[in-house]
Amino acid sequence: MKKIGIFYSFRSHKTKQQVKKIIKHLGEKNVEEVNIDDAGHKDFEKFDNYIFAVPTWFDGELPYYWDEFLPTVEDDSLKGKKFALFGGGDQKGYPENFVDGLGIMAEFIEKRGGKIVGFTSTEGYTFEFSRARRGDQFVGLALDIENQAALTDQRIEKWVADIKKAFEEK
């Protein structure tokens with residue numbers, strides 16, 4: 001398997017906990033962690049397979065560090081590159097925009113020719129609306145640590161198995 005770049009904010013403790021679990025299932029030698037707070041174009045162009053940790057902030061917004069990073073690659077073609085997305089949300093506190101950050105990121109990637117892998121079922125979640133929803137699936141792994149922490153490890157394990165296969169396909 002080609003090396004995977006996993007991009008996230010090293011300052012986000014909840015995200016870092018989930019990243020460690022993902023890396024454990026992927027195998028440490030297959031993954032390079034990239035701090036999105038300091039990442040630039042050179043960090044991005046090293047990979048063909050990516051995992052983006054995209055939590056949803058406030059009323060369905062991307063965290064500021066993603067807003068600052070995306071312009072560095074906005075003119076790039078992402079054709080031939082694969083992206084797996086995961087992120088946290090709160091389906092009870094913010095049911096009208098649950099994990100919207102995943103949907104925003106997927107739109108950005110797809111407009112530039114990138115391929116999203118690792119869709120997951122919406123079954124088992126209760127929310128009103130999500131930009132991350134496509135039919136009966138999310139465009140990535142939706143984690144709700146606030147309300148469904150007990151399901152997190154199982155969801156991560158299944159998702160990682162799926163994205164490993166997708167990253168290996170041509």
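Confirm whether N49 is surrounded by 14 or more Cβ atoms within 10 Å (Cβ to Cβ) and closer than 15 Å to F7 by Cβ.
yes
Any idea which of E128, E107 is assigned to a helix (DSSP H, G or I), of a type in the set (D, E, K, R) and farther than 22 Å from S12 by Cα? I'd like the intermediate steps shown before the answer.
Details: E128 fails: assigned to a helix (DSSP H, G or I).
Exactly one of E128, E107 is assigned to a helix (DSSP H, G or I), of a type in the set (D, E, K, R) and farther than 22 Å from S12 by Cα, namely E107.
Per-residue answers, yes or no, for (1) of a type in the set (K, R); (2) touching a helix residue (DSSP H, G or I) at 6+ places or on another chain (Cβ under 9 Å):
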{"site": "M105", "(1), (2)": "no, yes"}
{"site": "I109", "(1), (2)": "no, no"}
{"site": "R112", "(1), (2)": "yes, no"}
{"site": "R133", "(1), (2)": "yes, yes"}
{"site": "D136", "(1), (2)": "no, no"}
{"site": "D144", "(1), (2)": "no, yes"}
{"site": "N147", "(1), (2)": "no, no"}
{"site": "A150", "(1), (2)": "no, no"}
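Restricting attention to the stretch 66-120, which residues are buried (at least 19 other Cβ atoms within 10 Å of the Cβ), among the acidic types (D, E) and at pLDDT below 95?
Across the stretch 66-120, there are no qualifying residues.
May I ask you to verify whether G60 is in contact with a helix residue (DSSP H, G or I) (Cβ under 7 Å, 6 or more places away or on another chain), modelled with pLDDT of 90 or more and of a type in the set (G, A, S)?
Numbers: in contact with a helix residue (DSSP H, G or I) (Cβ under 7 Å, 6 or more places away or on another chain): yes; modelled with pLDDT of 90 or more: yes; of a type in the set (G, A, S): yes.
The answer is yes for G60.
Which members of the stretch 121-159 meet the condition of being among the hydrophobic types (A, V, I, L, M, F, W, C) and touching a Leu at 6+ places or on another chain (Cβ under 8 Å)? Outline the logic, then answer.
Keep residues of the stretch 121-159 that are among the hydrophobic types (A, V, I, L, M, F, W, C), which gives 127, 129, 132, 138-139, 141-143, 145, 149-151, 156, 159.
Answer for the stretch 121-159, where residues must be among the hydrophobic types (A, V, I, L, M, F, W, C) and touching a Leu at 6+ places or on another chain (Cβ under 8 Å): A132, F138, V139, L141, A142, I156, W159.
Considering the stretch 1-22 alone, what residues qualify as being buried (at least 19 other Cβ atoms within 10 Å of the Cβ) and either among the small types (G, A, S) or free of Cβ contacts under 8 Å to residues at least 40 places away in the same chain (or both)?
Answer for the stretch 1-22, where residues must be buried (at least 19 other Cβ atoms within 10 Å of the Cβ) and either among the small types (G, A, S) or free of Cβ contacts under 8 Å to residues at least 40 places away in the same chain (or both): G5, S9, V19.
For D162, only one of the following conditions fails: (1) acidic (D, E); (2) surrounded by 13 or more Cβ atoms within 10 Å (Cβ to Cβ); (3) modelled with pLDDT of 95 or more; (4) part of a loop (DSSP other than H, G, I, E, B). What is its number?
The single condition D162 does not satisfy is (4).
Would you confirm whether or not the stretch 135-153 contains a residue that is loosely packed, with under 13 Cβ neighbours inside 10 Å and not in a helix (DSSP H, G or I)? So that I can check it myself, show each step before the final result.
Residues of the stretch 135-153 that are loosely packed, with under 13 Cβ neighbours inside 10 Å, as a first pass: 135-136, 149-150, 153.
Still in the running and not in a helix (DSSP H, G or I): 135-136.
Yes, some residue in the stretch 135-153 is loosely packed, with under 13 Cβ neighbours inside 10 Å and not in a helix (DSSP H, G or I).
What strands (runs of 3 or more DSSP E) completely inside the stretch 1-103 contain at least 2 residues that are of a type in the set (D, E) and within 26 Å of E168 (Cβ to Cβ)?
In the stretch 1-103, 31-35 are the strands (runs of 3 or more DSSP E) which contain 2 or more residues that are of a type in the set (D, E) and within 26 Å of E168 (Cβ to Cβ).
The values are calculated or read from the model by the stated rules, or taken from the named source; none is laboratory data. Computed from a predicted model, the values in this text were never measured in an experiment. Cβ: placed from backbone, ideal geometry, glycine included. Neighbour counts: every protein chain shown.
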